[in-house]
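The values are calculated or read from the model by the stated rules, or taken from the named source; none is laboratory data. Since this is a predicted model, take the numbers as computed values, not measurements. Here Cβ is always computed from backbone atoms with ideal geometry, including for glycine, and neighbour counts include all displayed protein chains. We work out accessible area using only protein heavy atoms, side chains counted, and drop any ligands, DNA or RNA first. Shrake-Rupley method; radii C 1.70, N 1.55, O 1.52, S 1.80 Å.
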Amino acid sequence: MGILQDRLSKFRLPQMYMERGVYPYFREIDSAQNTEVMMDGKKVLMFGSNSYMGLTYDKRIIDAAIAATQKYGTGCAGSRLLNGTLDIHIKLEKELAEFVGKDESLCFSTGFTVNEGVIPQLVGRGDYIICDDRDHASIVDGRRLSFATQLKYKHNDMDALEKELQKCEPDALKLIVVDSVFSMEGDLANLPEIVRLKKKYNASIYVDEAHGLGVFGRNGRGVCDHFGLTDEIDLIMGTFSKSLASIGGFVAGDKDVINWLRHNARSYIFQASNTPAATAAAIEALHILKTEPERQENLWKITNYALKRFRDAGFEIGDTESPIIPLYVRDTDKTFEVTKLAFDEGVFINPVIPPACHPQDTLVRFALMATHTQDQVDFAIDKLVKCFKQLDILK
């Protein structure tokens, strides 16, 4: 056995949980991604989706994707730099820039590759990247590709952030990179205080709005808009795979910065451009966000209802302020076991274990959509109370 094979043979975690029948990943869905899905021949309530607006099976979006495929084909067969730029790519970029309040935007084929490609092009040797220690994996990978000095601060601890900024050379470029909504815990970045520190230490701010768009701000413009701080944020990043019912991502900012990224971000210029269908779907979803505010209102109505019910039932849900509700378990085995028990009861939830969280913070992630009903939430919470009590997680 070679060195690689020998190392991989010691990676037992998936096999161990498979043998126990509680392995919770790569579960197959054979229906549309909606509040109810079909799995293993039965209906299951979906509380593990990032489709906050509930648009992934909207007929208008499906029709837009079909029409784009009929006009442009199934793919572009090249990068945006060469033969892969369509007029609808430009249309989407212009609409996104206007939506988030920036000069221009640049669309990538996935949200992950936005962070992976943009961050290392913004900072280099002699510069600094300062990140929240619970930033998304794509931010982590993006900063690792940079030659800048990399600093981390304790989650949402503004005193810790200031101490890291004090370590930086005063005249160096200092880029603070942060999620607007933290995808596992559901809490918000303290953007007002981060902006204050930006001004004090002459730093720049890059905000990942993956889980903020559609949910916060006017018509879903995000957390930057929610706090009225769009003009203070240098770059705003977002994805299409959550509220925009598609796949892809974008970064928006100053015209000169976007032009620099257009010609230098490696995951943009060397990656095949997004499909016509995905692009048209994102455009249509964006139009729906702007014209149907009742979706966002429905999401917050059901979110506030669920938050109260979980708290009243005694669940530990941390500091969440969003439709992402963490139900803390604080034990890896029980996290997997309660996920399986919930599925058997007809409720799909996602387990969160390291490296997505600290070992002492394992949880199951309960996520809401604008299209969930109160009856569905009641059913799910009643079943989760039963499962958590069965494992002595909830007393």
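Quick check on this structure: which one of Cys131, Cys168 is in contact with a helix residue (DSSP H, G or I) (Cβ under 8 Å, 6 or more places away or on another chain), touching a residue at least 40 places away in the same chain (Cβ under 8 Å) and assigned to a loop (DSSP other than H, G, I, E, B)?
The conditions single out Cys168.
No other residue among Val251, Val257 is open to solvent by less than 10 Å² (accessible area, probe 1.4 Å) and not small (Gly, Ala, Ser) apart from Val251. Could you go through the stretch 208-221 and let me know if any residue there is outside any strand (DSSP E or B), among the polar types (S, T, N, Q), in contact (Cβ under 8 Å) with a residue 40 or more places away in the chain and surrounded by fewer than 19 Cβ atoms within 10 Å (Cβ to Cβ). The answer is yes; a qualifying residue exists. Of the listed requirements (1) open to solvent by 20 Å² or more (accessible area, probe 1.4 Å); (2) touching a residue at least 40 places away in the same chain (Cβ under 8 Å); (3) under 21 Å from Gln296 (Cβ atoms); (4) part of a loop (DSSP other than H, G, I, E, B), Tyr57 misses just one: (2). Take the residues in the stretch 70-88 that are open to solvent by 50 Å² or more (accessible area, probe 1.4 Å), in contact (Cβ under 8 Å) with a residue 24 or more places away in the chain and not β-branched (Val, Ile, Thr), then tell me which one is farthest from Asn259 (Cα to Cα). In this case the residue turns out to be Lys71. Of Asp312, Asp319, all but one fail to be touching a residue at least 24 places away in the same chain (Cβ under 8 Å) and open to solvent by 50 Å² or more (accessible area, probe 1.4 Å); the exception is Asp319. In the set Thr362, Thr373, only one residue is open to solvent by 10 Å² or more (accessible area, probe 1.4 Å), among the β-branched types (Val, Ile, Thr) and touching a helix residue (DSSP H, G or I) at 6+ places or on another chain (Cβ under 9 Å); that residue is Thr373.
How many residues does the stretch 93-118 contain that are of a type in the set (A, V, I, L, M) and within 22 Å of Phe270 (Cα to Cα)? Please lay out each step first, then the result.
If we filter the stretch 93-118 for residues that are of a type in the set (A, V, I, L, M), which is where we start, we get 96-97, 100, 106, 114, 118.
Remaining after also requiring within 22 Å of Phe270 (Cα to Cα): 106, 114, 118.
Result for the stretch 93-118: 3.
Taking the stretch 291-334 as the range and being under 15 Å from Thr371 (Cβ atoms) and not in a helix (DSSP H, G or I) as the test, the residues that pass are Glu292, Pro323.
A Cβ distance below 9 Å, combined with a sequence gap of six or more or placement on separate chains, defines the contacts here; from the stretch 177-204, residues that are crowded, with 21+ Cβ neighbours inside 10 Å and assigned to a strand (DSSP E or B) reach residues that are among the aromatic types (Phe, Trp, Tyr) and modelled with pLDDT of 95 or more in the pairs Val177/Tyr206; Val178/Tyr206; Val181/Phe216; Leu188/Phe182; Leu188/Phe216; Leu188/Phe227. Taking the stretch 36-47 as the range and being open to solvent by 20 Å² or more (accessible area, probe 1.4 Å) and not in a strand (DSSP E or B) as the test, the residues that pass are Asp40, Gly41. Among (1) without any contact (Cβ under 8 Å) to a residue 40 or more places away in the chain; (2) part of a helix (DSSP H, G or I); (3) open to solvent by less than 60 Å² (accessible area, probe 1.4 Å), there is one condition Ala67 misses while meeting the rest; what is its number? Tallying (1) without any contact (Cβ under 8 Å) to a residue 40 or more places away in the chain; (2) part of a helix (DSSP H, G or I); (3) open to solvent by less than 60 Å² (accessible area, probe 1.4 Å), Ala67 fails exactly one: (1). If you filter the stretch 347-359 down to residues that are touching a helix residue (DSSP H, G or I) at 6+ places or on another chain (Cβ under 7 Å) and in a loop (DSSP other than H, G, I, E, B), you find that the one that is most open to solvent (accessible area, probe 1.4 Å) is Ile353. If you check Lys91, Lys102 for being of a type in the set (D, E, K, R), farther than 29 Å from Glu169 by Cβ and either open to solvent by 10 Å² or more (accessible area, probe 1.4 Å) or outside any helix (DSSP H, G or I) (or both), only one passes: Lys91.
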